[in-house]
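Coordinate-derived values only; no laboratory data. Note that the structure is a prediction, hence the values are computed from the model and not measured. Here the Cβ positions follow ideal geometry from the backbone for every residue, glycine too, while neighbour counts run over all protein chains shown.
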Amino acid sequence: MRLLTFCLLIILTLPALQGCGLSADEETAYPLDTEDRLRARRGKLTGDGVDLLNLGGGGKAGGYGSGIGVNAFLWRASLDTLSFMPLAQVDPHGGVIITDWYENPDAPGERFKLNVTILGTELRSDGVRVAAFRQKRSGNGWRDVATSSKLGRQMEDAILQRARELRIQSR
């Protein structure tokens, strides 16, 4: 009786297992298009993140590359604009750039930190927000000082201007 049940079980499961085998030829198992082949050959700098060789998105809507959740022109423009400051945290998927404290050699005793957030996949004037923080030296430490929103707006304008230049260059 057990042998009969075992044979019946094997006979019933064999047809279901036929489609589970992997073929030796990868092209038939998963057909790759030209873009997939190029991406596999050259790789990406940050895994599924920013594809620096395809910054404009290759004609995709919004000008964003594969795997990046924000506008690539705004992302690259933000990195270019903040290139003089040390970066503390960079998240291309979330569109967040946080700089470390930067002390201008021309103004010792005062330092700045910026938080840049890219808000979407479209190149728009309201697509980037910059929060600026300022500290002044006080004895052996640093104390927070109020900063005007003008500095954040000036940085936003500089990023937007650079993003427009990058978009024009990509055409």
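Exposure proxy for VAL128, VAL90: other Cβ atoms within 10 Å of each Cβ, ordered fewest to most, give VAL90, VAL128. Stretching the chain fully between MET85 and LEU151 yields a gain of 22.3 nm (0.36 nm per residue, less the alpha carbon separation). In plain terms, the C-alpha convex hull of segment 68-170 casts an average shadow of 6.8 nm² when viewed from every direction.
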